[in-house]
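Scroll down for the structure; my scribbles are underneath it.
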Amino acid sequence: MIFKEEKKLYIETLGCAMNARDSEHIIAELGDKENYVLTDTMQEADLILINTCSVREKPVSKLFSEIGKYNKRKKEGAKIGVCGCTASHLGEEIFRRAPYVSFVIGARNVSKIGAAVNTERFISVDTDYDESTYAFGEFRHSLYKAYVNISIGCDKKCTYCIVPQTRGDEISIPLDLIVNEARKAAKSGAKEIFLLGQNVNNYGKRFSNKSEAEVDFSDLLNKISEIEEVERIRFTSPHPLHMDDKFLQTFATNPKVCKSMHMPLQSGSTHILEQMKRGYTKEWFLNRALKLRAMIPDVSISTDVIVAFPGESEEDFEETLDVMRQVKFEQVFAFKYSPRPLTKAAEFTNQIDPEIGSARLERLQVMQDDILDEISQSKMGKIYPVYIEELRNNGFLAGRSDNNALVQIKGDESLLGQTLNVEITNPKRLALYGEIVL
Ligand code: SAH
Ligand code: SF4
Ligand code: F3S
């Protein structure tokens, strides 16, 4: 074996949970094969990586401001690398705009990180590259919760979204690889398994190897729940279009599947949903969400909303608010539409004035805050089993209830990794504070 001198890696991750998992894969590959150890101090790093997001313009500008700053302050001889979705979409342009960057690797080329650090001006941004069966090394930021990828890419063509261009076509990871990874993580203490994909409930539609046995997302959830050490299963993102009765039934009845569902609405207007190519109507969305509420009284539902999509009228926007009033989401991630290169909607000629977008976003947020106040007050006195995952800087322990409420309690490190019954004594909009009950 060739001895490699220990080097320090500083990594910044933007974007979604899939990027967070890609960063863990990068850290594992560089640790196992290139002898890199992590540092929190950029100035002492030999390698500075930024794992980028392209979903809106803001994170793209952030990439260039961050690497400019790193380049000025980095240690003599340190390298800067750019990975992730913006690497996929801008490719060579990153070298032109930031010539001090040593390598660029796309969101689907993570396994090439070893070659990247050992080659001058390495670039690999191939969105057809298939990493669905690549055996990445082991690295996890949390001891208690394990992210596990179940697919790569996305087959949908939502007209506003750049992700299919940065992550390529959807390929499911074979069932046995997922189950083995979940088992290994659970046996080493991660009682919560968090399944990741752009469209998780479309699982099983295409595998790298065509002879893979037929299986869908409900089957996968059931298989993972058979692992004894797994106590909780979460997943993101499911697509409202694929929320058939079988899926809702599995979700409702499998006791290890946590009762919180992400249902990305995007818009409440059927007309805008058509323009977005989401494949469902306002009525279908409401039918699924209200069915979930009826099946599981304590379920929590979160959503993503885009305001001011091209052509969105005041009436269309009102339809979104109407869905929010009817469903009363426990969490809403709302963003103003951001035109993305390589997407259809960026070419639409009926773009909305950004000021109208900001005003709508503000109205939506004011309304959601009122809904949240109502929801959090209704939690007063309730008792939830909470899986304690983190000791926060504020001195509180934090964890999640089964239905994904953030709960904070007083206590020390010895309680990490335990599931405790907590009575909510002080519910706030962003976190519920409580006390342990026996
Ligand atoms: N696959 C996931 C979403 C991934 S992108 C899904 O379908 O739910 C995460 C969120 O970013 C999307 O749900 C959407 O609300 C938002 N988003 C995507 N493209 C956007 C754009 N061009 N402008 C504003 N928000 C966008
Ligand atoms: Fe983007 Fe739509 Fe795919 Fe989600 S489902 S990643 S919003 S194209
Ligand atoms: Fe995720 Fe951003 Fe890419 S949301 S898929 S890192 S564009």
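Points to keep in mind about this one:
- Residues located in the stretch 270-282, provided they are within 21 Å of the chain's Cα centre (by Cα) and assigned to a helix (DSSP H, G or I): M276
- Scanning the stretch 253-269 for residues that are crowded, with 17+ Cβ neighbours inside 10 Å, more than 16 Å from ligand 3 (Cβ to nearest atom) and not in a loop (DSSP other than H, G, I, E, B) yields V257, S260, M261.
- In this structure, T166 does satisfy being surrounded by 19 or more Cβ atoms within 10 Å (Cβ to Cβ), among the hydroxyl-bearing types (S, T, Y) and within 30 Å of S267 (Cα to Cα).
- Counted residues, the stretch 379-413 - those being part of a loop (DSSP other than H, G, I, E, B), at pLDDT 95 or above and open to solvent by 70 Å² or more (accessible area, probe 1.4 Å): 2
- Qualifying residue in the stretch 185-198 (condition: in a loop (DSSP other than H, G, I, E, B), in contact (Cβ under 8 Å) with a residue 24 or more places away in the chain and within 15 Å of ligand 1 (Cβ to nearest atom)): yes
- Among the residues examined, N222 does not qualify as open to solvent by less than 20 Å² (accessible area, probe 1.4 Å), polar (S, T, N, Q) and either closer than 30 Å to S338 by Cβ or modelled with pLDDT of 95 or more (or both).
- The single condition from (1) in a loop (DSSP other than H, G, I, E, B); (2) modelled with pLDDT of 95 or more; (3) open to solvent by 20 Å² or more (accessible area, probe 1.4 Å) that K112 fails is (1).
- Matching residues, the stretch 283-299, being more than 16 Å from ligand 1 (Cβ to nearest atom), in contact (Cβ under 8 Å) with a residue 40 or more places away in the chain and either assigned by TED's automatic domain parsing to the domain that holds T159 or assigned to a helix (DSSP H, G or I) (or both): L286, K291, L292, M295
The values are calculated or read from the model by the stated rules, or taken from the named source; none is laboratory data. Here the structure is a predicted model, which is why all the values come from computation and not from measurement. Please note: Cβ atoms are built from the backbone with ideal geometry, for glycine as well, and neighbour counts cover all protein chains shown. Accessible surface areas use protein heavy atoms only, side chains included; no ligands, DNA or RNA. Shrake-Rupley method; radii C 1.70, N 1.55, O 1.52, S 1.80 Å.
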